[in-house]
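K.L.:
What follows is a single structure, and I will ask about it in a moment.
The values are calculated or read from the model by the stated rules, or taken from the named source; none is laboratory data. These numbers come from a predicted model, not from an experiment. Cβ coordinates were reconstructed from backbone atoms using ideal geometry, including for glycine residues, and neighbour counts include every protein chain displayed. Ligands, DNA and RNA are excluded from the accessible area calculation, which covers all protein heavy atoms including side chains. Shrake-Rupley method; radii C 1.70, N 1.55, O 1.52, S 1.80 Å.
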Amino acid sequence: MEFMEFPKMARLTRECVITEKIDGTNAQIGIRELAEGEEVPLDTPYVAVVGRKLIYAGSRSRWLYPNPGVTIGREKFTDNFGFAQWVEKHADELATLPEGRHFGEWWGQGIQRGYGLTEKRFSLFNTLRFCLHGTEPQPINEADPRNVKMQHVLPPCVGLVPVLYRGLFGPKHDENFIAKLRAEGSVAVPGYMKPEGIVIYHVAAGVGFKKTLEKDEQPKGFGG
């Protein structure tokens, strides 16, 4: 029997980030830089090539393509509320993102709550790693203070989910910020009085928890 070490536990009273949970559809952008001498592949569903970077668009569970019904290899691809089309349109800006996968919410007009918007928006979840276009990047806290990293500045077309609080995790934080949203409405779209909820990200544990204003006690999809 292979030995398995019991995993270390994170201390609860450590930094957390509380953000507004936006009601849209989960989306991701993938950035892959071609290796030296590598040719652009013909059988993968990237939506654009910018320099040596392949730009991908995805939902929670699959890659997307701007032309619905297109078959690449043996797989047929579709879009999701026009997200792949948006990625294709903004590919030059999105190519400034670092290589890797970048997860966020695709939301706004015609998606879930809509928030009274006349356009769609893409907001990344990682508020520690990124800062908005036109703002000053801040240092990213590292375990070794000698290892100084700065936030990456986003292109103008990409947003961030609103940060409601950043500091030590404490009791009643979830209830307090749920009550604040209920009383004051959305921070993402001021004046919209039916926000969905919050996400609490515990930095030391690397785990996120969500809480909604309505039906939080029910499993997702309860009652159909």
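K.L.:
Taking the C-alpha atoms of the stretch 81-120, how large are the radius of gyration and the largest Cα-Cα span, Dmax, in Å?
P.N.:
Here Rg and the maximum Cα pair distance are 11.9, 33 Å.
K.L.:
Go ahead and set up a Gaussian network model of the chain, Cα springs under 10 Å, then flag whichever of 40, 187, 87 fluctuates most.
P.N.:
In the Gaussian network model the winner is 40.
K.L.:
Computed from the mean reciprocal separation of all distinct C-alpha pairs, what Kirkwood hydrodynamic radius does the stretch 16-113 have, in Å?
P.N.:
14.3
K.L.:
Another one. Keeping every protein chain in place, order 180, 8, 215 by accessible area at 1.4 Å, biggest value first, i.e. largest first.
P.N.:
8, 215, 180
K.L.:
For the chain, which span is the longest to avoid every loop-located (per DSSP) member of GluC sites (Glu not before Pro) having at most 14 other Cβ atoms inside 10 Å?
P.N.:
In the chain, the maximal stretch lacking such sites is 143-213.
K.L.:
On to the next question. With N set to the residue count of the stretch 160-224, report its C-alpha Rg divided by 2.2 N^0.38 Å to two decimal places.
P.N.:
1.18
K.L.:
May I pose another question? Taking only C-alpha pairs under 8 Å that are 6+ residues apart, what is the relative contact order of the stretch 1-98 in percent?
P.N.:
23
K.L.:
Now for a different question. Shape call for the stretch 127-181 from the C-alpha gyration tensor, a ≥ b ≥ c root eigenvalues: rounded (a/c under 1.5), prolate (a/b greater than b/c) or oblate?
P.N.:
oblate
K.L.:
A further question follows. Probe radius 1.4 Å, ligands and nucleic acids ignored: give me the carbon and sulfur share of the accessible area of the stretch 1-88 as a rounded percent.
P.N.:
Carbon and sulfur together cover 51 percent of it.
K.L.:
Another question, then. If the convex hull of the alpha-carbon atoms of the stretch 1-51 is projected onto planes in all directions, what is the mean projected area in square nanometres?
P.N.:
Mean orientational projected area (the stretch 1-51, Cα hull): 9.9 nm².
K.L.:
Report the chymotrypsin sites (Phe, Trp or Tyr not before Pro) located in the stretch 1-75 that are in a DSSP loop and have at most 15 other Cβ atoms inside 10 Å of their Cβ, or state none.
P.N.:
3
K.L.:
Let me ask something else about it. Above 19 Å lies some portion of the pair distances; for the stretch 55-158, what is it as a whole percent of all C-alpha pairs?
P.N.:
Within the stretch 55-158, distances greater than 19 Å cover 52 percent of Cα pairs.
K.L.:
OK, next. Could you give the dipole magnitude of the chain about its Cα centre, charging the beta-carbon of Lys and Arg +1 and that of Asp and Glu -1, in debye to the nearest 20?
P.N.:
That gives the chain a dipole magnitude of about 580 debye.
K.L.:
Ok, one more. Just going by the charge dipole of the stretch 173-224, with Lys and Arg at +1 and Asp and Glu at -1 on Cβ, which of 206, 183, 173 is farthest out on the positive end?
P.N.:
Positive-most Cα among the choices belongs to 206.
K.L.:
Sticking with this structure for a sec: Computed over the Cα atoms, what is the radius of gyration of the stretch 32-84 divided by 2.2 N^0.38 Å, N being its residue count?
P.N.:
This ratio for the stretch 32-84 stands at 1.16.
K.L.:
Could I ask something else about it? To check you understand DSSP bridge types, tell me what percent of the beta bridges within the stretch 106-224 (both residues inside) are antiparallel, rounded to 5.
P.N.:
75
K.L.:
Summing +1 for each Lys or Arg and -1 for each Asp or Glu, what net charge is found among the other residues whose Cβ lies under 15 Å from the Cβ of residue 79?
P.N.:
Combined, the nearby Lys, Arg, Asp and Glu give +3.
K.L.:
Relative contact order for the stretch 140-201 using alpha-carbon pairs under 8 Å, separation at least 6, rounded to a whole percent?
P.N.:
Computed over the stretch 140-201, the figure is 20 percent.
K.L.:
Only helical DSSP H runs with n ≥ 4 go in: add -39500 (n - 2.57) per run for the chain, normalise by residue count and round the 222 nm mean residue ellipticity to 500 deg cm²/dmol.
P.N.:
That comes out to -2500 deg cm²/dmol.
K.L.:
Further question on the same structure: Would you work out which of 35, 84, 125 lies farthest towards the positive end of the dipole of the stretch 1-153? Charges go on Cβ: Lys and Arg +1, Asp and Glu -1.
P.N.:
It is 125.
K.L.:
With charges only on Cβ, +1 for K and R and -1 for D and E, what is the dipole size of the stretch 1-99 about its Cα centre, in debye, rounded to 20?
P.N.:
For the stretch 1-99, the charge dipole is close to 380 debye.
K.L.:
Starting from 0 in steps of 5 Å, tell me what percent of the Cα-Cα pairs of the chain lands in each bin.
P.N.:
Result returned by the calculation: 1, 6, 12, 15, 16, 16, 13, 10, 7, 3, 1, 0.
K.L.:
Using only Cα atoms, tell me the angle between helix 173-184 and the longest principal axis of the chain; keep it within 0 to 90° and round to the nearest 10.
P.N.:
80
K.L.:
May I pose another question? Give the Kirkwood hydrodynamic radius (Å, one decimal) of the stretch 96-208, defined as one over the mean of 1/r across all pairs of different Cα atoms.
P.N.:
15.9
K.L.:
Here's another thing I want to ask about it. Rank 140, 115, 100 by how far each Cα sits towards the positive end of the charge dipole of the stretch 1-146 (+1 on Lys, Arg Cβ; -1 on Asp, Glu Cβ) and give me just the farthest.
P.N.:
Checked the options; the winner is 115.
K.L.:
Okay, next question. Please give the solvent-accessible surface of residue 43 in Å², to the nearest 10, using a probe radius of 1.4 Å with every protein chain present.
P.N.:
Taking all protein chains as shown, residue 43 has close to 110 Å².
K.L.:
Structure shown: which of 89/180; 8/210; 76/194; 120/149; 120/211 lie over 29 Å apart, alpha-carbon to alpha-carbon?
P.N.:
Where the Cα-Cα span goes over 29 Å, the pairs concerned are 89/180; 76/194; 120/149.
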